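Here's the structure we're looking at; comments come further down.
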Amino acid sequence: MKNLFSKRTLREAGQGYFFMSPALFVLLLFIIGPIFYIVFLSFHKVQLLGTASYDFVAFDNFTRILDDTRAQIALWNTFKYVVIVVPCQTILALILAATLNAGMKGQTFFRIVYFLPTLTSSAVLTLIFMWMYNKNGLINNVLDTLGLPTYNFLGDPNIALNAIMIMNIWSTAPFFMVIYLAALQDIPDSLYEAAELDGASTVQKFLKITVPHLRPVTSFVAIMGLIGTFQLFDQSYIFSAGSGGPDNSTLTVVLLVYQYAFKNLGTMGYAAALVLLLAIVILVATLLQRKFSKEESLY
């Protein structure tokens, strides 16, 4: 009886894995397989032109990062971008959601207007902002009309990355706003009514009720923001025509990986090492954020 039960269990498990096999095949081919291949490439000097060759170089690709000035600049630019953009887009998304949830007139219209940037293609959005940032673009014309100094947003190394940050904060905050807005609907009105009876002001209700109850959502938004900002590529590529300029001011890790992998095919192994390093940084940052947020302990 025990043997029969064991065979039946194995047969049922086999049937289950058979039905899962297409999904498992896709997972292995497009996710797990490439991850192991990247790890393999990162320890080799790879030549893909002509006869492909893989020369084992141990940790040489990783030690090379320490001597690569452009890699250090890219890491610093990416770190600065993450540290500024993630908190700003999270706070802006929370404020927008709280405003729309306050029962203001025409809130449906404003929800649509606020969400429009998210519906726009990232490439198209970047081109629109490039036109606005141009020397003779909309922003400089407005500044000139107001008698304020104009800026070379696209050509000044001190401003170029900041211009990309502003664009991304504006375009990504509405997506997280919708997530916050959905979470705000789940906060019981009785809590606000009780706080009102105790004489709490609007700001106090926001800080003492709204913000604590949105802590799990804030954790999710922060993690998604971290992953997205660490992977900045297309805006930087379009802004600088793929160079990371001016003066490497918009060079990010992913853009640098693209340059090494597809412009200098002999450095594919080094590009894989940079990708692996970026993946480890994202993983560590995500784990640290989850640890400090303690989102599971709220309820």
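The values are calculated or read from the model by the stated rules, or taken from the named source; none is laboratory data. Just so we're clear, the structure is a prediction, and the values are computed from it rather than from any experiment. So basically every Cβ, Gly included, is an ideal-geometry build from the backbone, and we count neighbours across all protein chains shown. For the accessible areas, the whole protein counts, side chains as well, though only heavy atoms, and no ligand, DNA or RNA atoms are used. Shrake-Rupley method; radii C 1.70, N 1.55, O 1.52, S 1.80 Å.
Against the definition (open to solvent by less than 40 Å² (accessible area, probe 1.4 Å) and of a type in the set (D, E, K, R)), how does K263 come out, yes or no?
No: the conditions fail for K263.
Might you let me know whether segment 38-46 holds any residue that is modelled with pLDDT under 85, farther than 30 Å from I164 by Cα and touching a strand residue (DSSP E or B) at 6+ places or on another chain (Cβ under 7 Å)? Break it down stepwise before answering.
Let us first name the residues in segment 38-46 that are modelled with pLDDT under 85, namely 46.
Next, only the ones that are farther than 30 Å from I164 by Cα stay: 46.
Imposing the further condition that a residue be touching a strand residue (DSSP E or B) at 6+ places or on another chain (Cβ under 7 Å) reduces the set to 46.
Taking every residue of segment 38-46 in turn, at least one turns out to be modelled with pLDDT under 85, farther than 30 Å from I164 by Cα and touching a strand residue (DSSP E or B) at 6+ places or on another chain (Cβ under 7 Å).
Do any residues in segment 14-34 that are touching a residue at least 12 places away in the same chain (Cβ under 8 Å) and among the hydrophobic types (A, V, I, L, M, F, W, C) have Cβ atoms under 7 Å from those of residues that are part of a helix (DSSP H, G or I) and surrounded by 10 or more Cβ atoms within 10 Å (Cβ to Cβ), where the two are at least six apart or on different chains, and which pairs are they?
none
Quick check, is N136 within 30 Å of F206 (Cβ to Cβ) and either open to solvent by 80 Å² or more (accessible area, probe 1.4 Å) or modelled with pLDDT of 90 or more (or both)?
Answer is no for this residue.
Filter segment 232-244 for residues that are without any contact (Cβ under 8 Å) to a residue 60 or more places away in the chain and not in a helix (DSSP H, G or I) and give the result.
F233, A241, G242, S243
Looking at segment 236-247, which of its residues are modelled with pLDDT of 90 or more and either among the polar types (S, T, N, Q) or touching a strand residue (DSSP E or B) at 6+ places or on another chain (Cβ under 7 Å) (or both)?
Across segment 236-247, the qualifying residue is only S236.
Quick test for you: out of T229, T250, pick the one residue that is among the polar types (S, T, N, Q), buried (at least 17 other Cβ atoms within 10 Å of the Cβ) and part of a helix (DSSP H, G or I).
That would be T229, the only listed residue that is among the polar types (S, T, N, Q), buried (at least 17 other Cβ atoms within 10 Å of the Cβ) and part of a helix (DSSP H, G or I).
Taking the criterion of being more than 30 Å from F220 (Cα to Cα), within 23 Å of the chain's Cα centre (by Cα) and open to solvent by less than 60 Å² (accessible area, probe 1.4 Å), would at least one residue in segment 114-132 satisfy it?
Restricting attention to segment 114-132, the residues satisfying the condition of being more than 30 Å from F220 (Cα to Cα) are 130-132.
So of that shortlist, the ones also within 23 Å of the chain's Cα centre (by Cα) come out as 130.
The next check asks that each one be open to solvent by less than 60 Å² (accessible area, probe 1.4 Å); those that pass are 130.
Yes; the residues of segment 114-132 include at least one that is more than 30 Å from F220 (Cα to Cα), within 23 Å of the chain's Cα centre (by Cα) and open to solvent by less than 60 Å² (accessible area, probe 1.4 Å).
Go through segment 3-27 and count every residue that is out of contact with any helix residue (DSSP H, G or I) (no Cβ under 8 Å at 6 or more places or on another chain) and either open to solvent by 100 Å² or more (accessible area, probe 1.4 Å) or at pLDDT below 80 (or both). Before the answer, list the steps.
Step one: list which residues in segment 3-27 are out of contact with any helix residue (DSSP H, G or I) (no Cβ under 8 Å at 6 or more places or on another chain), which gives 3-16, 18-23, 25-27.
From what's left, either open to solvent by 100 Å² or more (accessible area, probe 1.4 Å) or at pLDDT below 80 (or both): 3-8, 10-12, 18-19, 25.
Here the count works out to 12.
Within segment 90-100, does at least one residue satisfy the condition of being outside any helix (DSSP H, G or I) and not β-branched (V, I, T)?
There is no residue in segment 90-100 that is outside any helix (DSSP H, G or I) and not β-branched (V, I, T).
Anything in segment 152-175 that is closer than 21 Å to K80 by Cα, touching a helix residue (DSSP H, G or I) at 6+ places or on another chain (Cβ under 8 Å) and not β-branched (V, I, T)? List them, or say none.
F153, L154, A160, L161, A163, M165, M167, N168, W170, S171, A173
Any residue in segment 212-223 that's farther than 15 Å from F292 by Cβ: show its pairings with residues that are surrounded by fewer than 17 Cβ atoms within 10 Å (Cβ to Cβ) at Cβ separation under 6 Å, as long as the two are six or more apart or on different chains.
Short answer, once both residue conditions are applied: H213/I187.
Are any residues in segment 154-201 β-branched (V, I, T) and either at positive phi or crowded, with 19+ Cβ neighbours inside 10 Å (or both), and if so, which ones?
I164, I169, T172
L255 versus (1) open to solvent by less than 30 Å² (accessible area, probe 1.4 Å); (2) more than 20 Å from P34 (Cβ to Cβ): which is the lone unmet condition?
(2)
Tell me which residues, restricted to segment 41-53, are open to solvent by 80 Å² or more (accessible area, probe 1.4 Å) and in contact (Cβ under 8 Å) with a residue 60 or more places away in the chain.
Matches in segment 41-53: K45, L49.
Does F79 satisfy being surrounded by 11 or more Cβ atoms within 10 Å (Cβ to Cβ) and at pLDDT 90 or above?
yes
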